[in-house]
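The values are calculated or read from the model by the stated rules, or taken from the named source; none is laboratory data. All of these numbers come straight from a predicted model, not from anything done at the bench. Methodologically, a virtual Cβ is constructed for each residue, glycine included, from the backbone with ideal geometry; neighbour enumeration extends over all protein chains shown.
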Amino acid sequence: MSESDQLAASSNEARHATEGNGKRSKNRKKLAHARTERFRRAYSQIGRERVLQPDNDKITLSGVVALAAENRSRRPMFEVVFKGLTLSIGKKKLLQCVTGKLSPGRVTAIMGPSGAGKTTFLNAVLGKTTGYKKDGLVLINGKSGSMQSYKKIIGFVPQDDIVHGNLTVEENLWFSACCRSSKGMSKSDKIIVLERVIGSLGLQEIRNSLVGTVEKRGISGGQRKRVNVGIEMVMEPSLLILDEPTTGLDSASSQLLLRALRHEALQGVNVCAVIHQPSYTLFNMFDDFVLLARGGLIAYLGPISEVETYFSSLGIKVPERENPPDYYIDILEGITKTKMRGHAAPKHLPLLWMLRNGYEVPEYMQKDLEDINNVHELYTVGSMSREQSFGDQSENADSVHQNVREPYSLLDRKTPGVLAQYKYYLGRVTKQRLREATLQAVDYLILCIAGICIGTIAKVKDDTFGVASYGYTIIAVSLLCQLAALRSFSPERLQYWRERESGMSTLAYFLARDTIDHFNTLVILLLFGLSSD
Ligand SMILES: Nc1ncnc2c1ncn2[C@@H]1O[C@H](COP(=O)(O)OP(=O)(O)OP(=O)(O)O)[C@@H](O)[C@H]1O
Ligand SMILES: [Mg+2]
């Protein structure tokens, strides 16, 4: 029985703990009791957490730091600072002089017009910059280094829902928890995390439903999106990056998701999400806001609570009944006209942001300075200081920094080794293959027919088995291998890349698939041999 089978069985047992165990043997009773106990412990732990959980909206950053400190053994804090980050491809500038930071314990919203460079910004933060010309610095907890080396504690939720359609919701999450959590984490702890994630994402009702594919419908698009997020949450990341996690979700589901992200932030996780057109309520659930203008320029980066003050200091006041983020994007895009102070125009917003924060203005933007009158007045009136632009973080900066630089190294997490992952993969592939039994049966049928045909054409006996027969055999075996190879890789390319990027073992993946494929090839050969006789 694989881990996830056990888990599914256990979860049913937990729900039906009181239902008749009468006919079971003594050993099975004991085993079931142990599993039920695990679940009981998981649920009571989650219940205790709920009671103790402070109100998300009222907690201060120092509260987050204190809470995170309790969890530090599992979740080191992860601060990302970027300075003058510039990314280009050929002559096209995709990101320009992006300076700021993403702080642990905070949920950051990244917004901007379509094509502004939001996904590119996420890729730059994640160090996925192959093929681009990159300038500037990315510091992790004050140190420069390759982001790739921290991938075991980074969760990245891609824009597309890359999940396994032929596994249930719970199996998808459990597999990620098993392969990506800390090596030494007990099964009970993994169950607690899994149950917490399923609960916070509202997936209880569909936990045993197959996710489904385009060809075979399963859960709804919004539920699929939440599974996509859950896969990263169950591995307890320190940095959680999400590309459009709320796109396609209704308002209630978006708020549910945001609450789950806020809960992660309360444990010290640095959460950063690209979002489009959030409702006013949703927008206010974020802590920080990054507004990107076309060309990958920052028009604002700082706390949500300061954003209206900042823009009104430039003469941009949000009319009543307008949603602030939508209004600012419309201004940036020139859809809504407004009169700014000092003869500035919306295209000057990134420049004004640089001036306000004292960042170096690149040479090619210097000429725009001449267009703006009274620049000095613009960036001192109603001003936030540079420190304030990073919010109440400054007041707690010392405690945060002490926390993030402290002894728990970001590289400490050891995930299960190749052998352990092989075991999990083997269980998963077996299950997937069994669920594709119809396809498999068609393969067998085709090969039986091929065997009968070739056997009829080439009438050879053991004593007359010559060169031609060897030829036929080689062709048949090659065909079988091709079938196995196709089945092995092509439908799961995206899932494989996602898993590889998250630091899971490629060797374990292919070994597990090869094991099943070779077993399959043996069965097929047997069938082919028998049918051609
Ligand atoms: N590899 C690339 N080669 C050429 N241009 C690229 C490449 N990657 C990004 N771009 C360009 O960079 C710009 C920003 O792209 P990006 O995908 O980051 O936008 P976005 O803000 O995420 O948009 P959306 O909201 O539509 O997802 C686009 O004009 C895009 O064409
Ligand atoms: Mg994008």
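Tabulated data for the structure shown
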quantity: Count of the range 99-150 residues which are among the aliphatic types (A, V, I, L, M), within 13 Å of ligand 1 (Cβ to nearest atom) and within 17 Å of residue 87 (Cα to Cα); calculated: 5
quantity: Which numbered condition residue 216 misses (of (1) of a type in the set (D, E, K, R); (2) modelled with pLDDT under 90; (3) under 30 Å from residue 412 (Cβ atoms)); calculated: (3)
quantity: Residue identified as within 16 Å of ligand 2 (Cβ to nearest atom) and either buried (at least 18 other Cβ atoms within 10 Å of the Cβ) or of a type in the set (Val, Ile, Thr) (or both) among 242, 258; calculated: 242
quantity: Residue in the range 172-190 that is surrounded by 20 or more Cβ atoms within 10 Å (Cβ to Cβ) and either among the β-branched types (Val, Ile, Thr) or assigned by TED's automatic domain parsing to the domain that holds residue 433 (or both) present; calculated: no
quantity: Residues satisfying the stated conditions in the range 331-340, i.e. assigned to a helix (DSSP H, G or I) and out of contact with any helix residue (DSSP H, G or I) (no Cβ under 6 Å at 6 or more places or on another chain); calculated: 333
quantity: Complete set of residues in the range 270-308 that are part of a loop (DSSP other than H, G, I, E, B), within 16 Å of ligand 2 (Cβ to nearest atom) and surrounded by 20 or more Cβ atoms within 10 Å (Cβ to Cβ); calculated: 275, 278, 296
quantity: So residue 99, is it outside any loop (DSSP other than H, G, I, E, B), within 25 Å of residue 238 (Cα to Cα), of a type in the set (S, T, N, Q) and more than 14 Å from ligand 2 (Cβ to nearest atom); calculated: yes
quantity: Those residues of the range 103-146 which are among the small types (Gly, Ala, Ser), in a loop (DSSP other than H, G, I, E, B) and either within 13 Å of ligand 2 (Cβ to nearest atom) or at pLDDT 90 or above (or both), in sequence order; calculated: 103, 105, 112, 114, 115, 116, 117
quantity: Positions within the range 262-286 being small (Gly, Ala, Ser) and farther than 18 Å from residue 329 by Cβ, in sequence order; calculated: 265, 268
quantity: Which numbered condition residue 290 misses (of (1) in contact with a Gly (Cβ under 9 Å, 6 or more places away or on another chain); (2) within 16 Å of ligand 1 (Cβ to nearest atom); (3) over 16 Å from residue 242 (Cβ atoms)); calculated: (3)
quantity: Any chance residue 312 is surrounded by fewer than 24 Cβ atoms within 10 Å (Cβ to Cβ), farther than 30 Å from residue 223 by Cβ and not β-branched (Val, Ile, Thr); calculated: yes
